[in-house]
Amino acid sequence: MADLVIRGALIVDGTGDEPRTADVAVTDGRISAIGEVGEAGDREVDGTGLMLAPGFIDPHTHYDAQLHWDPTASPSNLHGVTTIVGGNCGFTLAPLQPGDGDYVARMMAKVEGMPLEALELGLDWGWESFGDFLDRLDGAMAINAGFLVGHSALRRYVVGADGQREATAEEIEAMAQLLRSSIEAGGMGFSTSLSFTHSDGDGVPVTSRFANRDEVLTLTAVVSEYEGTSLEFVMDGCLNGYTEEEEDYILEMARVGKRPLNWNVLTVDSRKPDEYLHQLEVGARAAEEGHAVVALTMPTLPGMTQSFGTHCGLWLLPGWKHIMGLPLDQKKEYLAQSGVRHLLAELAASETGALSRLTTFARFEIGDTFSEANEGLKGRVVEDIAAERGQDPFDTLVDIVLEDDFQTILWPLPTDDDDASWELRRQVWDGDGAMLGGSDAGAHLDRMLGSNYPTKFLGDTLRGKRLVSVERAVQMMTQVPARLFGLTDRGTIEVGNHADLVLFDPATVDSGPITMRSDLPGDTERLFADAEGIVEVWVNGESTVVDNADTGARSGTLLRAGADTHTSPLV
């Protein structure tokens, strides 16, 4: 007798093949039969009118911290995600020198937008090695999770607080040995950040940004020594377009690493078609040499809140950081002056990279407000308010945030939600140079919510823009990332594979509305969205989610390189 039989569902198996109606049996955590299953199941589920897909794989998350207090990785689990990859952008919580927990917590609060209080209360920072860190999670999660080893953690461990310099040859070798031991303990590869956007809790560039090319390539080469590993990076060109020097750097990483290299995140905008096409060229050049350099790109447009009061993307606009970081009273005094406003507007207009989408101030939607003067403005767009007041839109925006002592929540409306941009995205998805991902789930918790992209994309595929077939949409979220990371026996519905499964209603599957909730340690806040139309989720054959609720099962696997992965067929 099978443990579970799901009967009569429309199987979307992850391979891209046309869906077919069949039964699926699960025994001992694996798929044991597909078709007309004659044997009974200890539990039987009627899948009539529903679709059954492999569990979705999110390739770019920052759940490294949250999984310690929330083993479900919510809300990703509700949206059908059964496997995540953490440790991206060079930021991991291990290896960790004793006493460095405070520094790492403040860094993660700054670079990944995790509430500092949640990090202080939710973690005991009692591990040291990467293996110690992984052992804390092994057997205690509701999802499958693998973790890359972060460059900033390696560098902090070896170089210490004096990390704002190039490492010596001896230090580079020590980092290489530490990376080896971390991968041998289960790390799935190596990640790094060379991006101008990443600074620590003291406002200093994160330590990986001080690494020279020899250091990065030495660590990248270590990954080639181990089965089932991969590489991830972010650098300035990921946002602003690659220079020739950056392209050569990426190709060197691919050559010495001999493993798939993914980067975050490709933005496709019909107003700037040359930019994303140029960014994809480095992947095409790598493919000609037999290497894989793959961009991550989102199939949805996650909104990201902005604020004049707390650190966010606006603070990264040219020349804005100094004024935005002033004490409250001084900042209010400055922003009341027309000359300062004019200067900020001019500086913002000089931004030509990815941050330029934050400079369309007229198209900011007002979120929560905190003063009597701003009552009734929530949900309204700045340009409409400005027209009523007979003002310049930027002046209107600054007036509003001043009334709230800069607490106003702002939602920049997407500038690339046009039909032409969506058609270009569809063309990108058809190629081999990009993979769906970039949700940043587990990070930027009060600023953005990308973790709901699987259900939102499915809803759009089935009942919205319908840019691709449902079988292709599912394939892009299952088999494609499974192949890149070399996840053994995952990513498709096949006999013998792990039973990571999602049962959903094609008539209703979608994301629910985004709301704010205070359920992190210390009652700190995060954005959250329930799923709609997700009937049930199984991880390794055990039911983990039913109708938007965690079942309490902790059947997830801690994915370790070589044991749960094999070297990707892409290289």
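Determine the percent antiparallel among the DSSP beta bridges restricted to the chain, to the nearest 5.
On the way: 40 of 75 bridges.
So the antiparallel bridges amount to about 55 percent of the total.
Could you derive backbone 3J(HN,Hα) for region 515-523 from the dihedral phi with the Karplus parameters 6.51, -1.76 and 1.60 (θ = phi - 60°), listing whole Hz in sequence and x where the residue is Gly or Pro?
In residue order, the calculated couplings are 10, 9, 9, 10, 10, 7, x, x, 6 Hz.
Tell me the Kirkwood hydrodynamic radius of region 361-438 in angstroms, computed as one over the mean inverse distance between distinct C-alpha pairs. Intermediate results must be reported in sequence, preceding the final value.
Values: mean 1/r = 0.0692 Å⁻¹.
Over region 361-438, the inverse of the mean reciprocal pair distance is 14.5 Å.
In 5 Å bins starting at 0, how do the alpha-carbon pair distances of region 84-192 split up by percent?
Pair shares across the bins are 2, 12, 22, 26, 23, 10, 3, 1, 0.
Could you work out the percent of alpha carbon pairs in region 1-155 separated by over 19 Å, rounded to a whole number? Walk me through the numbers before you get to the answer.
Working: 7368 of 11935 pairs.
So the portion of pairs separated by more than 19 Å is 62 percent.
Find the centroid of the Cα atoms in region 14-78 and in region 491-559, then give the distance between the two in whole Å.
Centre-to-centre (Cα) distance: 10 Å.
Given that compact globular proteins tend to follow 2.2 N^0.38 Å, what is the ratio of the alpha-carbon Rg of region 210-260 to that value? Could you put the intermediate results ahead of the total?
Working: Rg = 11.2 Å, N = 51, 2.2 N^0.38 = 9.8 Å.
The value comes to 1.14.
For His151, His444, give me the order by solvent-accessible area with a 1.4 Å probe, most accessible first, ignoring ligands, DNA and RNA.
His444, His151
From the phi angles alone, apply the Karplus equation (6.51, -1.76, 1.60; θ = phi - 60°) to region 68-83 and give each ³J(HN,Hα) in whole Hz, x where the residue is Gly or Pro.
These are the phi-based 3J(HN,Hα) values: 6, 10, 9, x, 8, 6, 6, x, 4, 4, 5, 9, x, 6, 10, 9 Hz.
Ignoring ligands, DNA and RNA, what percent of the accessible area of the chain is carbon or sulfur (1.4 Å)? Spell out each step's value before the answer.
Working: 9680 of 20530 Å².
That fraction is 47 percent.
In vacuo Debye scattering of region 335-392, one point per C-alpha: log10 I(q)/I(0) at q = 0.18, 0.23 Å⁻¹?
-0.79, -1.10
Which value, in Å² and to the nearest 10, is the accessible area of Arg43 when all protein chains are kept and the probe is 1.4 Å?
Surface accessible to solvent at Arg43 totals approximately 100 Å².
Quick query: amide H of Ser307 versus all other amide H atoms, modeled in the peptide plane; which residues come in under 5 Å with a sequence gap of 5 or more or a different chain?
Correct list: Leu314.
If all Cα-Cα distances of region 184-232 are sorted into 10 Å bins from 0 onward, what percent lands in each bin, rounded to whole numbers?
The calculated distribution, bin by bin, is 24, 44, 27, 5.
Residues with beta-carbon under 9 Å from that of Gly562, excluding Gly562: net charge, scoring Lys, Arg +1 and Asp, Glu -1? Before the final figure, lay out the partial values.
Details: positive: Arg560; negative: Glu184, Glu227, Asp564.
That works out to -2.
Sorted by accessible area with a 1.4 angstrom probe, largest first, how do Thr515, Thr197 fall?
Correct descending sequence by accessible area is Thr515, Thr197.
Can you give the accessible area of Leu78, probe radius 1.4 Å, in Å² rounded to 10?
Ignoring ligands and nucleic acids, Leu78 comes out at about 10 Å².
To the nearest µm²/s, what D does Stokes-Einstein give for region 73-133 at 25 °C and 0.890 mPa s, using the Kirkwood radius over alpha carbon pairs as Rh? Walk me through the intermediate numbers first.
Details: Rh = 12.8 Å.
Once the numbers are plugged in, D ends up at 191 µm²/s.
Where does each of 162-171, 49-58, 231-240, 341-350 land if you order them by average Cβ count within 10 Å, highest first?
Details: 162-171: 13.4, 49-58: 25.5, 231-240: 21.9, 341-350: 15.4.
The densest-packed peptide leads the list: 49-58, 231-240, 341-350, 162-171.
With viscosity set to 1.306 mPa s at 10 °C, what whole-number translational diffusion coefficient in µm²/s follows for region 229-352 from Stokes-Einstein and a Kirkwood radius over Cα pairs? Intermediate values should be presented prior to the final figure.
On the way: Rh = 17.1 Å.
Translational diffusion coefficient: 93 µm²/s.
Which cross-chain or sequence-distant (5 or more) residues have an amide H under 5 Å from the amide H of Ala443, H modelled 1.01 Å from N in plane?
HN-HN under 5 Å from Ala443: His62.
If you project the alpha carbons of region 37-95 onto their three principal axes, what span does each projection cover, largest first, in Å?
In descending order, the Cα extents are 50, 20, 18 Å.
Leaving out ligands, DNA and RNA but keeping every protein chain, what accessible area does Tyr242 have, in Å² rounded to the nearest 10, with a 1.4 Å probe?
Ignoring ligands and nucleic acids, Tyr242 comes out at about 10 Å².
What shape does region 143-265 take by its C-alpha gyration tensor, where a ≥ b ≥ c are the square roots of the eigenvalues and a/c under 1.5 counts as rounded, a/b above b/c as prolate, and the rest as oblate? Each step should come with its number before you reach the end.
Working: a/c = 1.35, a/b = 1.07, b/c = 1.26.
Judged from the Cα gyration tensor, region 143-265 comes out rounded (a/c under 1.5).
Running Debye on the chain with equal point scatterers at the Cα sites and no solvent, what base-10 log of I(q)/I(0) appears at q = 0.09, 0.10, 0.11 Å⁻¹?
Log-scaled intensity ratios, in q order: -0.68, -0.84, -1.02.
Mind listing the long-range amide H neighbours of Ala2? Cut-off is under 5 Å, sequence gap 5 or more, other chains count too, H placed in the peptide plane at 1.01 Å from N.
Ala40, Asp42
Using a 1.4 angstrom probe on the protein heavy atoms only, could you order Lys321, Lys110, Lys465 from most to least accessible area?
Heavy-atom accessible area, descending, gives Lys321, Lys465, Lys110.
Just for the Cα atoms in region 478-571, what are the lengths along the principal axes, largest first, rounded to whole Å?
Principal axes ranked by extent give 42, 35, 26 Å for the Cα atoms.
Roughly what would the spin-label model give for Lys465 and Ala169, points 7 Å off Cα along C-beta, in nm?
5.3 nm
Give me a comma-separated list of calculated 3J(HN,Hα) values for region 526-538, in order, Karplus coefficients 6.51, -1.76, 1.60 applied at θ = phi - 60°, integers in Hz, x for any Gly or Pro.
Here the 3J(HN,Hα) series is 8, 7, 8, 9, 6, 9, 10, x, 8, 7, 7, 10, 10 Hz.
Take every Cα pair under 8 Å in region 328-419 that's 6+ residues apart, average their separations, divide by the length, and report that relative contact order as a whole percent.
Working: 100 pairs, mean separation 29.6, N = 92.
It rounds to 32 percent for region 328-419.
Measuring with a 1.4 Å probe in the full set of protein chains, what accessible area per residue, in whole Å², belongs to the chain? Mind dumping the intermediate values first?
Values: 20530 Å² over 571 residues.
Using a 1.4 Å probe on heavy atoms only, each residue of the chain averages 36 Å².
Show that you can apply the helix-only estimate: for the chain, add -39,500 (n - 2.57) for every DSSP H stretch of four or more residues, divide by all residues, and state [θ] at 222 nm to the nearest 500. Mind showing how you got there, number by number?
Details: 18 runs with 178 residues, N = 571.
Calculated from helices alone, the mean residue ellipticity at 222 nm is -9000 deg cm²/dmol.
Could you pull the Cα extents of region 1-81 along its three principal axes, largest to smallest, in whole Å?
Principal axes ranked by extent give 44, 29, 19 Å for the Cα atoms.
For a test of understanding, tell me how many lysine pairs in the chain have Cα atoms under 29 Å apart, given they are 8 or more places apart or on different chains.
Number of lysine pairs found: 16.
The values are calculated or read from the model by the stated rules, or taken from the named source; none is laboratory data. What you see is a predicted model, and the numbers here were worked out from it, not measured in a lab. Glycine also receives a Cβ, built like all others from the backbone with ideal geometry; neighbour counts cover every protein chain displayed. When the accessible area is computed, the model is the full protein with side chains, heavy atoms only, and any ligands, DNA or RNA have been set aside. Shrake-Rupley method; radii C 1.70, N 1.55, O 1.52, S 1.80 Å.
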